[in-house]
Amino acid sequence: MEVILAIIVGFMYAAGIYLILRRSLVKLIIGLIILGNGVNLLLFLLGGITKGHPPVIGESETFLAGVYADPLPQALILTAIIIIFGLQSFAMIFLQQEYVQGGVEDLDSIKEEEEEK
Amino acid sequence: MTTLILRTASVYLMPLLLLFSVFILLRGHYLPGGGFVGGLIASIALVVYGYANGINQIKSFLRFHPGALIPTGVSLSLISGLLPMFAGKPFMTNLWLDGTYPIIGQPGTALIFDTGVYFVVVGTALTIIFSIAEDNEK
Amino acid sequence: MLTAIVLCFAFALVFTLFGKHLRGRITYLTSLLPLSLFIYFLGLQNSLSSGGEFLSIYPWISSLGIDLSFRLDGLSQIFTLIITGIGFTVFLYAAEYLRGHPFLDRFYGYLLMFMGSMLGLVLSDNLITLFIFWELTSISSFFLIGFNHRDQKARKAALTALVITGGGGLFMLLGFVLMGMVAGTYSISEIVLMKSLFSDSIYLGLIVLALFAGAFTKSAQFPFHFWLPDAMRAPTPISTYLHSATMVKAGVYLLARFSPLFDGEIYWNEALILFGTITFIYGAAQSIFKTDLKAILAYTTIAALGIMVMLIGIGTSAAIYALLVFICVHALYKAGLFLVVGSIDKICGTRDITKIRGLRNTSVVLFVAALLAAISSAGLIPTIGYHGKHLIYSSVMESGAWGIGLLVLTIAASILLLCAGLLVGLKPFTGPVSPEVPLQKHTPPAMWITPLLLGLTGLGMGIFYRAPQELLFLPALESLHGGIVSKQMHLWSGTDTLFWLSWGTVLAGIILFVFFRPSHEYSKRDKKFKKFHSRYLLEQGVINVKRTFSFLTHVLQNGYLRYYTAVILTFLIVLISLRMYTGFENGYEFEFALDFTFNELATIIVMVVSILLAVFTTSRVVAVASLGGVGLCICLLFVYFSAPDLAMTQFTIDTLTVVLFVLLLKKLPLYLSKVDTGVNWRDLIISCTFGLLVTIITLEILFTGSVKEISNFYAENAYLLAKGKNVVNVILVDFRGVDTLIEITVLAVSGLGVFSLIRLKMGIDRER
């Protein structure tokens, strides 16, 4: 499974980067989101994956023992998901405002606009 | 999107989801959940309601701008961290009350901290989405 | 000794910083510093002559073997005396020469800085400090050449000199570091004793090459000579001091200092003789065709430096002895000639040799001083120059197989140099007074006393040669070479071959001088060969480098964001691939490759399809919907692999993202219809390669395994210390609570950012 997930992670990176390299603003945003998801998955994968043993201590126990999923990357990813959300929404609205106010239709026109000034 | 079904459903869905989000927040220390998830569920509840009934409805329901939740939440978390300092312990040391309760487990400053997180998440998500929605309505 | 150097730098600082307030009032007094240092070093002479040496070490960076260690021996002593002695006359002279100059105090500041660094250079007993002082002399030379900073040519000349000497210095540093590696110490006095260690070292060739690079650039050897004539843009006292008497001899000093170590090793002698010979022939031949008095002197200086390098190349004790004497001889007469030229410049307002005539009537003392310097340069009895020439001739004659050839060349160069010396020292004073050049009658005393002083010193040392020979030159030779010489200075050694050669040279030189007419024609002819000149090569090189990088900048920094991303990624790909190519450890076994359930497989297939849809669809709505699909699939993966918290967060965030996107979509531009297939393929290749690299790295990390100590600590103590059972949550709100606090602050900032972005726009709308 790890191998497949590793391939998926690479695939998500490729898709994200390909979209970031396009001219369209919408594709840039989609690319950012996919790339963000890919990073989360990568972190998750690197922590090692375990089936059926969430890092929650049982009713009668006082500490995790035996096989359990690594809680540390999970905590990291949880914050990462939220932060990426904040970043993405900011990027989205920033680009949208560029379009609405600055008339920037695609990435290349930012540069052309600069030159006109 | 503002179909009759959604509008009707959202009226019942919103309080239920809000309640659920508080439940998720409280149980976070013992079972999956916590301030982040709880906050997100609460924002979804309000966003769905706003979708169905319009932004103004939700504004009159809330009675204040959701942005106000952000500083509230940050201060709450900060205070929870500062509290132990009055007890002569280092910053962010947890203080516990005696006894355990269902769902919550043993209540302590960690719960206040998590509530702060909850408020920040709700505040931020709603601020972002409502700002855009208001902008779109113009 | 440290005190002497620190004193120079301290005064230099005072003059550069607070010089304005002095307004040139105490310029004469500044010459007391070199004078007192001269007396101080002269005072040490007695104990030096009896074989002693002075060593003082001040720890600096001892852990790296770098100390401020200074050592005064015979060789250093010759240099310190020249530096302080000539320094004294130059300080005195400059006070008059630059009288009223608005930056006179700054000038003295630089000059003092130079004197300090030059003293440091010749006294250093540590390679690294020697290098530091070496570069300091280059830097002060830069400031002094460009002293007339409003003159564009002066600035250019300053930069050329800095690039050449500074660049050579860097090569020299490489050599020094290698020497330090081989010897295990940076102490020069210890290194020169390790001859056998160095001749066995594989770095020997490289070290010698690096030293050559440093010495040849500093001492203006062909083909690096051209910065020196350019440097004549500096005020004449500077040319006197730095570019003839002291700084340019630093390269010679370096070679002489290490000659005991490298003498007889690989190409040391041959290369030195070759470069020295080419340089002195070239310099001597060029010198007499120049019409600017300072240019003539510049080329004769180059020639003299060439002779010195050749003498080191010959390397016999007679040659080294001749070198030591010649350094002194040259400093005295060349400084004298330069000062005379400076005075002529002041009197006539020009340095053009074809225009200046008949100065003997107006400036008698200057004439005497010039004549003294000229006959010393000609090597006429009884000046010190006479001894210098004899020693050179005799050592060249005995230099072995090439002796006769070298001797012929040396004599030819000497004839030319003699003629050049007479052109400067005699020609301006003879003939009828030229009507075109208005003469300024009044010359301040300092401007003729100082060259006279130098001339008389040369004469005195020539007549009473025994004292300097016994006290200065022989001890210096012994400290450097450990040997004694049979041929010493004599005023009269009988009518042997040497006698006839010497007088033959003089006669030929005088005949040449009588029949030679300087003219501007020669320099025009010289311009035809411009393309073969090393300066031309350097300038072309600079232009080409500029052009290349302006082209590169244009290509790489074209202002398109996508392009920057692509370039950065490509570079990253190349970098990582290279690392993998060299450092990838293969041999991991794919043991847990294909153990998945149907659910997982289905999820992954859906995910791949969604991603492909999101990338290639032409509809924005489909793209956003597939984006939601990708998020949900990841959510499922979190569920499968025991991360309920993550699954819940991912699910809610995914929902919010899609809602946000749908809200925004109305006000975002449509997809473009333009399709650029070439660019698409290029980006596809870049992104796929990068994705592949990520996969490979991921697999490698997975197979290497990770450390679980931290995770285990949290897992074991979550309940015991933090009374929580959901370990992920406990980490967030308790163990790493401060991080979370900061994180929600970041989140709050992003919310406020969005809010203000939109409010900002609303404000603009309202204004309209």
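Annotations
- Count of the range C:611-630 residues which are within 27 Å of A:Ala75 (Cβ to Cβ) and surrounded by fewer than 24 Cβ atoms within 10 Å (Cβ to Cβ): 3
- The set of residues in the range C:648-657 that are at the interface with chain B (Cβ under 8 Å from one of its Cβ atoms) and among the hydrophobic types (A, V, I, L, M, F, W, C) comprises C:Met648, C:Ile653, C:Leu656.
- Options A:Gly16, A:Gly38; residue that is within 21 Å of C:Asp645 (Cβ to Cβ) and of a type in the set (Gly, Ala, Ser): A:Gly38
- When residues of the range C:104-141 are limited to those that are of a type in the set (Phe, Trp, Tyr) and touching a residue at least 24 places away in the same chain (Cβ under 8 Å), the one farthest from C:Gly87 (Cα to Cα): C:Phe131
- The range C:562-573 residues that are assigned to a helix (DSSP H, G or I), paired with ones that are crowded, with 17+ Cβ neighbours inside 10 Å and basic (Lys, Arg) (beta carbon under 9 Å, 6 or more apart): C:Arg562/A:Arg22; C:Arg562/A:Arg23
- Residue within the range C:671-680 that is out of contact with any Lys or Arg (no Cβ under 6 Å at 6 or more places or on another chain), at the interface with chain A (Cβ under 7 Å from one of its Cβ atoms), surrounded by fewer than 21 Cβ atoms within 10 Å (Cβ to Cβ) and at pLDDT 85 or above present: no
- Flag for A:Tyr99 being hydroxyl-bearing (Ser, Thr, Tyr), at the interface with chain C (Cβ under 7 Å from one of its Cβ atoms) and farther than 19 Å from C:Asn729 by Cα: yes
- The range C:460-478 - residue that is touching a residue at least 60 places away in the same chain (Cβ under 8 Å) and over 38 Å from the mean Cα position of the chain (by Cα) and, of those, surrounded by the most Cβ atoms within 10 Å (Cβ to Cβ): C:Gly462
- Any hit, the range C:731-751, residues being facing another protein chain (nearest Cβ under 7 Å), farther than 17 Å from B:Ile112 by Cβ, crowded, with 19+ Cβ neighbours inside 10 Å and among the polar types (S, T, N, Q): yes
- Candidates C:Leu636, C:Leu660, C:Leu668, C:Leu693 - the one that is within 7 Å of another protein chain (Cβ to nearest Cβ), touching a helix residue (DSSP H, G or I) at 6+ places or on another chain (Cβ under 8 Å) and within 30 Å of A:Gln74 (Cβ to Cβ): C:Leu660
- A:Lys27 of a type in the set (Lys, Arg) and outside any helix (DSSP H, G or I): no
- Sole exception among (1) over 24 Å from C:Ser534 (Cα atoms); (2) modelled with pLDDT under 90; (3) within 18 Å of the chain's Cα centre (by Cα) for C:Ala161, by number: (1)
- Residue check for A:Val26: closer than 24 Å to C:Lys667 by Cβ, buried (at least 21 other Cβ atoms within 10 Å of the Cβ), of a type in the set (Val, Ile, Thr) and within 7 Å of another protein chain (Cβ to nearest Cβ): yes
- Residue, surrounded by the most Cβ atoms within 10 Å (Cβ to Cβ), within the range B:61-105, restricted to residues that are at the interface with chain C (Cβ under 8 Å from one of its Cβ atoms) and in contact (Cβ under 8 Å) with a residue 60 or more places away in the chain: B:Gly105
For (1) in the same structural domain as C:Leu471 (by TED's automatic domain parsing); (2) surrounded by 15 or more Cβ atoms within 10 Å (Cβ to Cβ); (3) within 26 Å of the chain's Cα centre (by Cα), each residue gets a yes or a no:
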| site | (1), (2), (3) |
| --- | --- |
| C:Cys8 | no, yes, yes |
| C:Tyr28 | no, no, no |
| C:Leu32 | no, no, no |
| C:Leu48 | no, yes, no |
| C:Gly74 | no, yes, no |
| C:Ile83 | no, yes, yes |
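- Residue match in the range C:313-329 (condition: in the same structural domain as C:His442 (by TED's automatic domain parsing), modelled with pLDDT under 85, out of contact with any strand residue (DSSP E or B) (no Cβ under 6 Å at 6 or more places or on another chain) and surrounded by 24 or more Cβ atoms within 10 Å (Cβ to Cβ)): yes
- In the range C:216-225, the residues that are modelled with pLDDT of 85 or more and not in a helix (DSSP H, G or I): C:Ser219, C:Ala220, C:Gln221
- Those residues of the range B:87-138 which are among the aliphatic types (A, V, I, L, M), at pLDDT below 85 and under 30 Å from C:Leu760 (Cβ atoms), in sequence order: B:Ile132, B:Ala133
- Looking only at the range A:49-78, and only at residues there that are at pLDDT below 80 and either touching a Pro at 6+ places or on another chain (Cβ under 9 Å) or at the interface with chain C (Cβ under 7 Å from one of its Cβ atoms) (or both), the one that is surrounded by the most Cβ atoms within 10 Å (Cβ to Cβ): A:Leu64
- Taken over the range C:18-61, the criterion of being in a helix (DSSP H, G or I), touching a Gly at 6+ places or on another chain (Cβ under 8 Å) and either modelled with pLDDT under 80 or farther than 21 Å from C:Val122 by Cβ (or both) is satisfied by C:Gly19, C:Leu48.
Let's see how each residue does on (1) crowded, with 24+ Cβ neighbours inside 10 Å; (2) outside the structural domain of C:Val408 (by TED's automatic domain parsing); (3) acidic (Asp, Glu):
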position: C:Leu255; (1), (2), (3): yes, yes, no
position: C:Phe262; (1), (2), (3): no, yes, no
position: C:Gly276; (1), (2), (3): yes, no, no
position: C:Ile288; (1), (2), (3): no, no, no
position: C:Leu293; (1), (2), (3): yes, no, no
position: C:Gly306; (1), (2), (3): yes, no, no
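- Considering residues of the range B:28-43 that are part of a helix (DSSP H, G or I) and without any contact (Cβ under 8 Å) to a residue 60 or more places away in the chain only, the residue nearest to A:Gln74 (Cα to Cα): B:Val37
- The residues listed here are A:Tyr68, A:Tyr99; of these, the one that is part of a loop (DSSP other than H, G, I, E, B) and among the aromatic types (Phe, Trp, Tyr) is A:Tyr68.
- Any chance B:Thr115 is more than 18 Å from C:Val728 (Cα to Cα) and more than 9 Å from chain C (Cβ to nearest Cβ): no
- Residue tally, condition over 34 Å from the mean Cα position of the chain (by Cα), aliphatic (A, V, I, L, M) and more than 11 Å from chain A (Cβ to nearest Cβ), over the range C:557-579: 1
- Scan of the range C:497-522 for residues that are in contact (Cβ under 8 Å) with a residue 60 or more places away in the chain, among the aromatic types (Phe, Trp, Tyr) and assigned to a helix (DSSP H, G or I), ordered by number: C:Phe513, C:Tyr522
- Answer residue from the range C:696-711, given it is more than 7 Å from every other protein chain (Cβ to nearest Cβ) and part of a helix (DSSP H, G or I) and is farthest from A:Val56 (Cα to Cα) among those: C:Ile696
The values are calculated or read from the model by the stated rules, or taken from the named source; none is laboratory data. This is a predicted model, so every value here is computed, not measured. Here Cβ is always computed from backbone atoms with ideal geometry, including for glycine, and neighbour counts include all displayed protein chains.
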